[in-house]
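Undergrad: There's a structure below that I have some questions on.
The values are calculated or read from the model by the stated rules, or taken from the named source; none is laboratory data. Please read these numbers as outputs of a predicted model, since none were measured by experiment. Here the Cβ positions follow ideal geometry from the backbone for every residue, glycine too, while neighbour counts run over all protein chains shown. When the accessible area is computed, the model is the full protein with side chains, heavy atoms only, and any ligands, DNA or RNA have been set aside. Shrake-Rupley method; radii C 1.70, N 1.55, O 1.52, S 1.80 Å.
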Amino acid sequence: MRKRNLMFNIKKFLYFFFFLLHCSPSIAALEPPELLLNTQCINVHASWNNVAGATGYELWYQPIDASQDWDYIDLSSSTELSTPLWNGANYYIALAAYNAQEVSEFSPIELLTAGDFLLPPIQKISINNLNATISWNQIDNAEKYELWYSIDSLETWSQVEFDKNTHSISIDLWEGAYIQTTMASIGKYDSFSRFSEIIDIAIGGKPNITASYENTLYPIDVIDVFPASTASPYAPILQNCVYSKTRTQSCKLSTLPLLGQEFPAPSINNILDRTLVSHAWMTERFEQFLQLLPPDSLKLFRAVTAVVISADIRPAYYDASTGAVYLDSQYFVIKSDPKSVSDTVDQTPDYREGCSDSLNFNQLFRYIKNGDYAYFEAESERTINDVLLLAGQVLFHELAHANDYFPPSSLGQLDFNMSVHEAADNNIKNRVSHQLTQFFPLSSDVLKYLADVMYDCSNSTCQQTSYTADGVANEFIYDGANDTYNYNTVYEDLAMLSEEAMMLYFFGVERDIALTNVPTNKQASGDEYIVAWGQRHRISAPNIKNKIKFIMSQLIPEIDFASYIDNAPAPTDMIIGKSWNENITLGNNKRSKKSRLHKHQQPVWHINYQ
């Protein structure tokens, strides 16, 4: 967000210096390398591409405090470097390629920080009538804090700085005010943390949103999709509204309304009329899936404009700029499908795999029925009944996000002249998560920062890499979450709790969660993951029940979920010190016939306002 003139001038001078040092106007330069840095505590890994024509590479470095001149290391023909530094090491670094005739220009100068880098503040909001108070935690080594805010617009941002001793600000607002804020910490030498999660402040009536809205999710080439039903009245406009290759204006609700604006109880055909697929088999399989869903669960589709199932979606997500849910087609493959079906599914791993490799604990989860795994996950074993639970888990999660934006109580009040994106923002005061964070906030800052590492791939601090499963469990047990993913955002707090609640209510399956060690064997089985803490059916814990009642009363008010959860069994603790596999049937050591390891990897919520 911020362009610092000082940093710009330093870089401009250094590029000029490097050019004079290395480049001759009579010789065409090699392409500069593309430098990638990954820092985990004090361990640094640098890698770069193999530049055509280069025989070697030079890594130039200078301490950020300029206590030494620039120096370099000749790396010969290597294209990576791993080395430990020390806590607090701060360097400018750049990379150049060379051969016997010439030296390339330098890669963009990077700031390398090893050890406990600056963390961003975590904002918390309290609202009293027309006054909002924003508070934040103290960050070690922060010299000051910078708060960025946008008032009634998603395009214009302003900032204000506070000294390191200031940890709250009160703002007098007005009826209908809508403000978004984010914060960063600023340390020595003007070092800057990343920005914190954006939070919303909505006061009273209807916010005045002035930004323009574009669906810019797909500016690059994607697999073509087409309507599942060519007879659908929305077939001509569906792709352009929710899955375009080009930048298109977000469609108005008069063009593509939410399902619930037309159908208070959507049918299977209503949903298929709003479905796009990348391959024909997905239409048939999705219809089979919908036919197996409990009829009441179809009401959750009221909050979406469309469903997209495509071979190149990974992970699944909901997007408020289009109002659609996007599902990974791999969830719908079964063992009897021919190879021509499985060959259409992209095998690219979820981009978050490996995010938590630097941490000293694991979180595992699974769905259980009758003391055994509720479904087979491997495509080679799945039946359509396994797909019902596997895809159902993902779908319930994403539909929770959609109903967070557009709960049933708001559907009759939406303006058809607005785009779905504008309607989402104007409905901000009615968002369920907006109320959830006021009434049932999560308290553990430790877990919020760990969630950044686990799910956003933020670098871990030295302290975070030292946490054991026992230490994390002590933070988790007394808070109102059913998963570490709840701490990623308040939206995921809502989606994780409602996902487990709906899986229990509609399918009668219970969810296990456990915090375990990290086995030294990379191919470890569930026998080698030892439980430091674990629980089955956590959503009926006393400190979570009321959150569940509130959420479900908003998302699907036709169901008396309060009575259901009050009569549900209490959580069952796992046996500490026993393995993940041994805890499959709680109360004895019976082994499951489907015993397998399921490391945590949740679908994500995504919105692109740019």
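Undergrad: Within region 292-314, can you find the residues that are free of Cβ contacts under 8 Å to residues at least 60 places away in the same chain and either touching a Gly at 6+ places or on another chain (Cβ under 6 Å) or assigned to a helix (DSSP H, G or I) (or both)?
TA: Once the filter is applied, which keeps residues that are free of Cβ contacts under 8 Å to residues at least 60 places away in the same chain and either touching a Gly at 6+ places or on another chain (Cβ under 6 Å) or assigned to a helix (DSSP H, G or I) (or both), region 292-314 yields 295, 298.
Undergrad: Which residues, counting only those in region 49-71, are over 38 Å from the mean Cα position of the chain (by Cα), within 27 Å of residue 189 (Cβ to Cβ) and outside any loop (DSSP other than H, G, I, E, B)? Can you show your working first?
TA: Keep residues of region 49-71 that are over 38 Å from the mean Cα position of the chain (by Cα), which gives 53-56, 67-71.
Okay, now just the ones that are also within 27 Å of residue 189 (Cβ to Cβ), so 67-71.
Of everything in region 49-71, just one residue is over 38 Å from the mean Cα position of the chain (by Cα), within 27 Å of residue 189 (Cβ to Cβ) and outside any loop (DSSP other than H, G, I, E, B), namely 71.
Undergrad: Separate question: Looking only at region 337-352, count how many residues are in a loop (DSSP other than H, G, I, E, B) and within 27 Å of residue 385 (Cα to Cα).
TA: To start, the set of residues in region 337-352 that are in a loop (DSSP other than H, G, I, E, B) comprises 337-338, 343-352.
When the remaining residues are screened for being within 27 Å of residue 385 (Cα to Cα), the result is 337-338, 343-350.
Residues meeting the conditions: 10.
Undergrad: Do any helices (runs of 4 or more DSSP H) entirely within region 409-521 hold 1 or more residues that are free of Cβ contacts under 8 Å to residues at least 40 places away in the same chain, and if so, which? Let's see the steps before the verdict.
TA: Numbers: elements: 420-426, 432-439, 445-456, 462-466, 469-476, 490-507.
So the answer is 445-456, 469-476, 490-507.
Undergrad: Across region 72-88, what is the number of residues that are within 13 Å of residue 58 (Cβ to Cβ) and outside any loop (DSSP other than H, G, I, E, B)?
TA: Residues that pass the stated criteria total 4.
Undergrad: Is one or more of the residues making up region 128-149 farther than 22 Å from residue 489 by Cα, open to solvent by less than 60 Å² (accessible area, probe 1.4 Å), under 30 Å from the mean Cα position of the chain (by Cα) and not polar (S, T, N, Q)?
TA: Yes, the conditions are met somewhere in region 128-149.
Undergrad: Could you grab me the full set of residues in region 91-106 that are outside any strand (DSSP E or B) and buried (at least 21 other Cβ atoms within 10 Å of the Cβ)? Reasoning before the result, please.
TA: Our first condition is that a residue be outside any strand (DSSP E or B); within region 91-106, this holds for 99-102, 104-106.
104, 106, listed by residue number.
Undergrad: On the basis of being in a loop (DSSP other than H, G, I, E, B) and at pLDDT 55 or above, does residue 185 make the cut?
TA: Numbers: in a loop (DSSP other than H, G, I, E, B): no; at pLDDT 55 or above: yes.
Considered against the rule, which asks whether it is in a loop (DSSP other than H, G, I, E, B) and at pLDDT 55 or above, residue 185 comes out as no.
Undergrad: Residue check, residue 151 against (1) touching a residue at least 40 places away in the same chain (Cβ under 8 Å); (2) closer than 30 Å to residue 200 by Cα; (3) out of contact with any helix residue (DSSP H, G or I) (no Cβ under 6 Å at 6 or more places or on another chain), all met but one. Which one?
TA: Single failed check for residue 151: (1).
Undergrad: Of the numbered conditions (1) surrounded by fewer than 17 Cβ atoms within 10 Å (Cβ to Cβ); (2) aromatic (Phe, Trp, Tyr); (3) under 30 Å from residue 38 (Cα atoms), residue 478 satisfies every one except a single condition; which is it?
TA: With respect to (1) surrounded by fewer than 17 Cβ atoms within 10 Å (Cβ to Cβ); (2) aromatic (Phe, Trp, Tyr); (3) under 30 Å from residue 38 (Cα atoms), residue 478 is out only on (3).
Undergrad: Let me ask something else about it. Answer with yes or no whether residue 368 is open to solvent by less than 10 Å² (accessible area, probe 1.4 Å), within 25 Å of residue 473 (Cα to Cα) and among the hydrophobic types (A, V, I, L, M, F, W, C).
TA: Working: open to solvent by less than 10 Å² (accessible area, probe 1.4 Å): yes; within 25 Å of residue 473 (Cα to Cα): yes; among the hydrophobic types (A, V, I, L, M, F, W, C): yes.
In short, yes.
Undergrad: Filter region 309-339 down to the residues that are among the β-branched types (Val, Ile, Thr), at pLDDT 95 or above and open to solvent by less than 10 Å² (accessible area, probe 1.4 Å) and list them by number.
TA: Residues of region 309-339 that are among the β-branched types (Val, Ile, Thr), as a first pass: 309, 313, 322, 325, 333-334.
Pick out the ones that are also at pLDDT 95 or above and you get 309, 325, 333-334.
Hits for region 309-339 are 309, 325, 333.
Undergrad: May I ask you to say which residue of 364, 399, 388 is in contact with a strand residue (DSSP E or B) (Cβ under 9 Å, 6 or more places away or on another chain) and in a helix (DSSP H, G or I)? Walk me through how you get there before you give the answer.
TA: Details: 364 fails: in a helix (DSSP H, G or I); 388 fails: in contact with a strand residue (DSSP E or B) (Cβ under 9 Å, 6 or more places away or on another chain).
Every option except 399 fails the conditions.
Undergrad: Filter region 152-174 for residues that are in contact with a Leu (Cβ under 9 Å, 6 or more places away or on another chain), under 26 Å from residue 422 (Cβ atoms) and either open to solvent by 60 Å² or more (accessible area, probe 1.4 Å) or not in a loop (DSSP other than H, G, I, E, B) (or both) and give the result.
TA: Listed by number, the residues that qualify are 159, 174.
Undergrad: Kindly provide the set of residues from region 341-362 that are open to solvent by 80 Å² or more (accessible area, probe 1.4 Å) and either more than 17 Å from residue 278 (Cβ to Cβ) or at pLDDT 85 or above (or both), ordered by number.
TA: Narrowing region 341-362 to residues open to solvent by 80 Å² or more (accessible area, probe 1.4 Å): 343, 347, 349, 351, 353, 357.
Scanning region 341-362 gives 343, 349, 351, 353, 357.
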